Amino acid sequence: MRLNSPKDFRNCFTNGKKIKNEAFVLHYLDNGSQHSRLGISVAKNKIKKAVERNRIKRVAREIFRKSDITGLDIVLLLKYEKNYDQENCYNLINEIFNKLVKK
């Protein structure tokens with residue numbers, strides 16, 4: 001499922017915890033249900049090309065789908081675009097989701 005409403009994003013930012021790696025910040029919050037929801041934010045002023053922004057979203061959704069995360073609202077943000085490398089996109093996102101699974 002997806003995290004769509006701005007209210008849910010805001011709630012995750014203010015009340016949740018966060019995990020960082022060199023390019024991304026992942027905010028997460030317990031939602032008290034059996035399923036998890038994912039929200040992704042990639043700013044247009046950080047990644048200019050829509051193709052690249054959409055690739056980040058596709059990869060993140062695929063990793064989220066394959067992971068066994070339950071009961072969390074998760075927001076993935078591209079924070080440090082200078083450390084983002086398109087060729088290592090899968091590895092960067094997979095690394096941050098693995099950190100979440102270990103917690």
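Read the figures in this text as sums done on the coordinates, not as results from a lab. On a predicted model such as this, the values are computed, not experimentally measured, just so you know. Every residue, glycine as well, gets a Cβ built from its backbone with ideal geometry; the counts of neighbours run over all protein chains shown.
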Summed residue charge, Cβ within 13 Å of residue 46's Cβ, Lys/Arg positive, Asp/Glu negative
+4
Looking at the P(r) of the chain, how many percent of alpha-carbon pairs lie beyond 21 Å?
27 percent
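Based on the Cα coordinates of segment 63-103, what is the per residue volume of their convex hull in Å³?
Values: hull volume 3.3 nm³, N = 41.
Roughly 80 Å³ of hull volume per residue.
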Normalised by the number of residues in the chain, what is the relative contact order in percent for Cα pairs under 8 Å and 6+ residues apart?
38 percent
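Can you pull out the chymotrypsin sites (Phe, Trp or Tyr not before Pro) in segment 44-103 that DSSP calls coil and that have at most 14 other Cβ atoms within 10 Å? Let's see the in-between values first.
On the way: sites: 64, 80, 84, 90, 97; in loops: 80, 84.
For chymotrypsin sites (Phe, Trp or Tyr not before Pro) across segment 44-103 that sit outside H, G, I, E and B with at most 14 neighbouring Cβ atoms in 10 Å, the list reads 80.
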Hey, what's the Cα Rg ratio for segment 30-85 versus the globular rule of thumb, 2.2 N^0.38 Å?
1.26
